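Visitor: Attaching a single structure in structure tokens format; questions to follow.
The values are calculated or read from the model by the stated rules, or taken from the named source; none is laboratory data. Just so you know, these numbers come straight off a predicted model, no measurement behind them. In this analysis, Cβ positions are derived from the backbone assuming ideal geometry, glycine residues included, and neighbour counts consider all displayed protein chains.
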Amino acid sequence: MAAFETGSEDGRVDSGTRGSGDGWVTLASGRVVWGRFGAAGMLLRHRDDDGTERFLLARRAHWVHGGNGEWAVPGGAIDEQESPVEAALREFDEEIGAIPAGWRLLGVHEYVAEEGVWSYHTCCAEVSESPAYHATLSLENDEAAWWTVREIDDLPLFAPLSAAWPSLMRIFDSA
């Protein structure tokens, strides 16, 4: 994968037909995670006209595994032979709506839960638009909103996102 990737005119990457990655994986620790081939999500940053950075997060529905109404990155299972970026874009589209055209990948953070078994990839991207996604949300999310870093500090974040947040900010800061 190139250090930077760009979306197509409609903001999507065509991943073709893939074997579904849907399914639970039990790690050696006994922890159960979603995604037979791992999982991926997309964290978007937009800069307002005044330079204020805003990040898009989704409030997970209570019924979703580990949801608890916490704020997280839209994402899900990686399908067979799908790259983490392709999976993150597909999942974003399924859960939130179309990613804005002209997105630019800044980097990917990988959290390895168990080497060779399961990992989560957070794809960090810059977008030039900050659309509202209320009308296109799937049932997996109760809400999606753009937040400043200061506002995010006060949100109930999904624990894995909270743990990865400093690393994710380093990706954005280095772009």
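Visitor: Given the residues 119, 167, which is the only one that is at pLDDT 95 or above, assigned to a helix (DSSP H, G or I) and among the small types (Gly, Ala, Ser)?
Guide: Sole residue among the options that is at pLDDT 95 or above, assigned to a helix (DSSP H, G or I) and among the small types (Gly, Ala, Ser): 167.
Visitor: Let me ask something additional. Tally time: how many residues in segment 59-75 are crowded, with 16+ Cβ neighbours inside 10 Å and either under 15 Å from residue 159 (Cβ atoms) or without any contact (Cβ under 8 Å) to a residue 60 or more places away in the chain (or both)?
Guide: Result for segment 59-75: 9.
Visitor: Are there strands (runs of 3 or more DSSP E) fully within segment 8-58 with at least 3 residues that are crowded, with 21+ Cβ neighbours inside 10 Å, at pLDDT 95 or above and under 16 Å from the mean Cα position of the chain (by Cα)? List them.
Guide: Those strands (runs of 3 or more DSSP E) span 39-47.
Visitor: I'd like to check something: does segment 135-150 contain any residue that is under 30 Å from residue 28 (Cβ atoms) and at pLDDT 95 or above?
Guide: No, segment 135-150 contains no residue that is under 30 Å from residue 28 (Cβ atoms) and at pLDDT 95 or above.
Visitor: Looking at the structure I just gave you, is residue 92 at pLDDT below 95, outside any strand (DSSP E or B) and aromatic (Phe, Trp, Tyr)?
Guide: No; evaluated as a whole, the condition is false for this residue.
Visitor: Sticking with this structure for a sec: If you go through segment 151-164 one residue at a time, how many are at pLDDT 95 or above and not in a loop (DSSP other than H, G, I, E, B)?
Guide: 7
Visitor: Same structure, new question: Can you name the residue in segment 122-150 that is outside any loop (DSSP other than H, G, I, E, B) and among the aromatic types (Phe, Trp, Tyr) and, of all such residues, is surrounded by the most Cβ atoms within 10 Å (Cβ to Cβ)?
Guide: 146
Visitor: Can you pull out every residue in segment 92-114 that is farther than 21 Å from residue 159 by Cβ and of a type in the set (Asp, Glu)?
Guide: Answer for segment 92-114, where residues must be farther than 21 Å from residue 159 by Cβ and of a type in the set (Asp, Glu): 93, 94.
Visitor: Can you confirm whether segment 89-101 contains a residue that is aromatic (Phe, Trp, Tyr) and surrounded by fewer than 22 Cβ atoms within 10 Å (Cβ to Cβ)?
Guide: no
Visitor: Here's another thing I want to ask about it. Condition first: free of Cβ contacts under 8 Å to residues at least 40 places away in the same chain, under 12 Å from the mean Cα position of the chain (by Cα) and under 26 Å from residue 27 (Cβ atoms). Can you find one or more residues in segment 109-127 that meet it?
Guide: yes
Visitor: Among 91, 86, which is within 18 Å of residue 59 (Cα to Cα) and not hydrophobic (A, V, I, L, M, F, W, C)?
Guide: Of 91, 86, the one residue that is within 18 Å of residue 59 (Cα to Cα) and not hydrophobic (A, V, I, L, M, F, W, C) is 91.
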